[in-house]
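Okay, structure first, notes after.
No value in this document is a laboratory result; all are computed from the given coordinates. Predicted, not measured: the structure shown is a model, and the values here were computed from it. Positions of Cβ are generated from backbone atoms using ideal geometry, with glycine treated the same way; all protein chains shown enter the neighbour counts.
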Amino acid sequence: MSILFAEGFTLGIGLLIALGPKDTFVIKNSLGGQHALILVLICALSDVLLIVLGVLGLGTLISTSHGVMVIAMMLSIAYLVYYGVMALRAAIVGMQSLELHGLDAEHAMPRRRVITEALFHSLLTPYAWLDTVLVIGAISSTKAGLGKWWFASGAILASFLWFMFLTRGARVAAPLFRSRRAWRMLDAIVAVSMLALAIKLLGDYPWQTLAATPE
């Protein structure tokens, strides 16, 4: 069982370290330290919910429908491209301010808005479902009996540790972001990451399989 747990943990970390929209939202809103616990709980517990749904069979069910998979991919790519273009624009214009991202308590994002946006990025975007429900869920279906839950538990631990690392790391790095140049560099990294993920999705399974399926 420990091998399956380690396998799930390794897969979870491998999927999570690709900087996605939810991760960048967590980083930017953890710099002031006001909402770190809320962000960790919302993001990690959302992953728990989606992973459990995947293990229960939703991932396998969705992945067997080429039409649904392609629609999910198209929506995810559009989401990533939009997020990437906005980050690229911010990097070029360089109008980010420390106050807008909570380093000044007086201008910190309201808790309700943080919760709403965190839930949106965690649960209401197709991209949020790809790694958890589809990838982890589909792979867990190949494990027998309780093995799938040990595998899922490893992935869940990876999620909690990752978001704890992001919130803590952002707080430690906060002094760097008193420089406008640092904000522009962060936005440039986010833009490259989002667009790279979108390009990767273009070459993924559903497109090739659908094209190879006879009419």
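Decide, for region 138-197, between rounded, prolate and oblate: order the square roots of the alpha carbon gyration tensor eigenvalues as a ≥ b ≥ c, take rounded if a/c falls under 1.5, and otherwise choose prolate if a/b is larger than b/c, else oblate. Taking the square roots of the gyration eigenvalues as a ≥ b ≥ c, region 138-197 is oblate. Note on Ala196 and Ile38: their simple-model spin labels are 3.1 nm apart, each label 7 Å out from Cα toward Cβ. If R0 is taken as 35 Å, the Cβ-Cβ distance between Ala188 and Val48 corresponds to a FRET efficiency of 0.60. Once backbone amide H atoms are built at 1.01 Å from N, Met109 has Gly102 as its partners under 5 Å, excluding neighbours fewer than 5 places away on the same chain. Dividing the mean sequence gap of close Cα pairs (under 8 Å, 6+ apart) by how many residues region 2-209 holds gives a relative contact order of 46 percent. In a reduced charge model with +1 at each Lys and Arg Cβ and -1 at each Asp and Glu Cβ, region 2-209 shows a dipole moment near 340 debye about its Cα centre. If R0 is 41 Å, what FRET efficiency do you get for Thr142 and Leu176 from their C-beta distance, rounded to 0.05? It comes to 0.45. Sparse packing (at most 10 other Cβ atoms within 10 Å of the Cβ) combined with a DSSP loop state is found for none of the chymotrypsin sites (Phe, Trp or Tyr not before Pro) in region 57-90. Here the 3J(HN,Hα) profile of region 66-77, calculated from phi with Karplus coefficients 6.51, -1.76 and 1.60 at θ = phi - 60°, is 4, x, 5, 4, 5, 4, 4, 5, 4, 5, 5, 5 Hz, Gly and Pro shown as x.
Net charge dipole, region 105-177: roughly 160 debye, given to the nearest 20, about the Cα centre with Cβ charges of +1 for Lys and Arg and -1 for Asp and Glu. By the compact-protein rule of thumb, 2.2 N^0.38 Å, the alpha-carbon radius of gyration of region 2-209 corresponds to a ratio of 1.05.
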